[in-house]
Amino acid sequence: MNTSHAIRHIRVTPIAFRDPPLLNAAGIHEPWALRSIIEIETASGIVGINESYGDEPMLEALAKAAPALIGLSPWALNEMERRVAALVAPKALTPSEFLGQQVSLAPGTHVSKTVAKVVSAFEVAMLDLQGQLVGAPIVDLLGGAARETVPFSAYLFYKYAEHIGHPYEPDPWGEALDPQQLVTQARRMIDQYGFQSIKLKAGTLPAEQEADGILALAQAFPGTPLRIDPNGNWTVATSLKIVQKLQGVLEYYEDPAPGLDGMAAVARECDVPLATNMVVTDFAEFRRNADMGCPVKIVLSDHHYWGGLRATQQLSTLCRTFDMGLSMHSNSHLGISLMAMTHLCASVPLLSYACDTHYPWQDEEVIEGGRLTFEQGSLRVPSTPGLGVTLDRVALARLHDNYLHCGIRNRDDLSQMRKYDPTFTGKQPRF
């Protein structure tokens, strides 16, 4: 190994950025979203970067694993995985406790995902280093581009006009609590970004009202593919009632009922393909779905908790083997995560549907040059070395200062919702 390429330093900087009051099955987004920025520096001063989760357990896991990477080659991904697993693998798996609920609304919060999350955090930064060293974009390191652009979907939310307590000026999107307000939100997002498909985050209002929202979108945007995602907050009976009401409208049906058994019960009575980012979130869960005859037909992957870009490529191969679809899940993120997703999605021959992204909801950025530009709802795959983006250190310092002063260390949509409605329990399924 060329010793000038050896890893000599790892920096993890927690950041916070403004996040609108978006409603979901667990409650409502807090005013600040947390992320971490990872920098891996070689002895010669080259820096590879990545973006990942920013909650306290993730920061602790990254800090625990980082020293073990010192001296490694940026090419030693398998050895990095071995060392990370030895240091941060949980001694005993416990139920996912997200927002006080024994459910997996956010698979990335589950303790079983710790190794996969840390591996992914370091892997992307190491791939960024590799690309810079050989002068190639990450997509080429992953086998080359299967497509030149990656499509994304308009991601709609029911939302309030502003956060309780007025922590900063209201976002420009305004309130969205009825079908016409949803249509207005969609039209603005499509006009600005050019998205060719629409997803609605549901599970927050009575199911019939949310179905009316989808029907209003179908009328306003005829021929546009539509999806709805109640995050498992509907019973099987409600799920079947709503899919009947939306017959002929949905492209796919995402996580209507809780658990793989609940999804299987819906699948037996439903001809719309079921998608998930909740019940097939690792390879063991993929196997269980396959053993049950694949009631879930579409996996909405996320490299942040599936173990990185290479692991998600393996998932893509499995999806092809079992005649399943593949697309990508999203959470509140900035441009580094979005660019990593773009390289990944360009590298897999199987990409069945436009990907999720929260990017329109964020108005801050941590990369040089500002926000990424969409063309007709798609991002072009960079041809520049590595990720193709670099850190804006002034912005990084500002977002780190946000973190230091925002008072949030772990995401808690349930407690935030109780500030609006003290009786809210978040118990699932709610409808």
- Pairs, first under 19 Å from Gly108 (Cα atoms) and of a type in the set (D, E, K, R) in the stretch 393-421, second surrounded by fewer than 18 Cβ atoms within 10 Å (Cβ to Cβ) and modelled with pLDDT of 95 or more, C-beta under 6 Å, six or more apart: Arg409/Glu56
- Turns out the helices (runs of 4 or more DSSP H) fully within the stretch 269-340 with at least 2 residues that are among the basic types (Lys, Arg), open to solvent by 10 Å² or more (accessible area, probe 1.4 Å) and modelled with pLDDT of 95 or more are 283-291, 309-321
- Query: Give me the pairs: first residue in the stretch 102-125 and within 20 Å of Lys91 (Cβ to Cβ), second residue assigned to a helix (DSSP H, G or I) and modelled with pLDDT under 85, beta-carbon distance under 7 Å, and six or more apart or on different chains, which are they?
  - Reply: Lys113/Pro107; Lys117/Gly108
- Does the stretch 149-162 include one or more residues that are farther than 24 Å from Phe374 by Cα, in contact with a helix residue (DSSP H, G or I) (Cβ under 8 Å, 6 or more places away or on another chain) and open to solvent by 50 Å² or more (accessible area, probe 1.4 Å)? yes
- Message: So, in the stretch 170-203, how many residues would count as being open to solvent by 10 Å² or more (accessible area, probe 1.4 Å), within 17 Å of Asp356 (Cα to Cα), in a loop (DSSP other than H, G, I, E, B) and hydrophobic (A, V, I, L, M, F, W, C)?
- Response: 0
- Working only within the stretch 152-203, note down all residues that are touching a Gly at 6+ places or on another chain (Cβ under 7 Å) and under 23 Å from Thr238 (Cα atoms). Pro179, Leu182, Leu200
- List the pairs whose first member sits in the stretch 28-51 and is more than 13 Å from Ala16 (Cα to Cα) and charged (D, E, K, R), whose second member is open to solvent by less than 10 Å² (accessible area, probe 1.4 Å) and not in a strand (DSSP E or B), and whose Cβ atoms are under 9 Å apart, counting only residues at least 6 apart or on separate chains? Glu39/Ala125; Glu41/Leu129
- Across the stretch 19-48, which residue is nearest to Trp361 (Cα to Cα) among those that are open to solvent by less than 10 Å² (accessible area, probe 1.4 Å) and among the β-branched types (Val, Ile, Thr)? Ile28
- Message: Against the definition (open to solvent by less than 60 Å² (accessible area, probe 1.4 Å), in a loop (DSSP other than H, G, I, E, B) and either at pLDDT 95 or above or not charged (D, E, K, R) (or both)), how does Ala146 come out, yes or no?
- Response: yes
- Listed residues Pro206, Pro167, Pro222; which is open to solvent by 20 Å² or more (accessible area, probe 1.4 Å) and free of Cβ contacts under 8 Å to residues at least 24 places away in the same chain? Pro222
- Residue match in the stretch 81-89 (condition: at pLDDT below 95 and surrounded by fewer than 22 Cβ atoms within 10 Å (Cβ to Cβ)): yes
- Item | In the stretch 3-18, residue farthest from Trp173 (Cα to Cα) [restricted to those that are among the hydroxyl-bearing types (Ser, Thr, Tyr) and open to solvent by less than 50 Å² (accessible area, probe 1.4 Å)] | Ser4
- Any residue at all in the stretch 313-324 that is among the hydroxyl-bearing types (Ser, Thr, Tyr) and in contact with a Phe, Trp or Tyr (Cβ under 9 Å, 6 or more places away or on another chain)? no
- For the stretch 237-262, name all the residues that are over 24 Å from Ala284 (Cβ atoms) and part of a helix (DSSP H, G or I). Ala237, Thr238, Ser239, Leu240, Lys241, Ile242, Val243, Gln244, Lys245
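The values are calculated or read from the model by the stated rules, or taken from the named source; none is laboratory data. Here the structure is a predicted model, which means the values were calculated and not measured. Quick reminder, even Gly has a Cβ in these numbers, built from the backbone with ideal geometry, and neighbours come from all protein chains shown. What goes into the accessible areas is simple: the full protein's heavy atoms, side chains included, and nothing from ligands, DNA or RNA. Shrake-Rupley method; radii C 1.70, N 1.55, O 1.52, S 1.80 Å.
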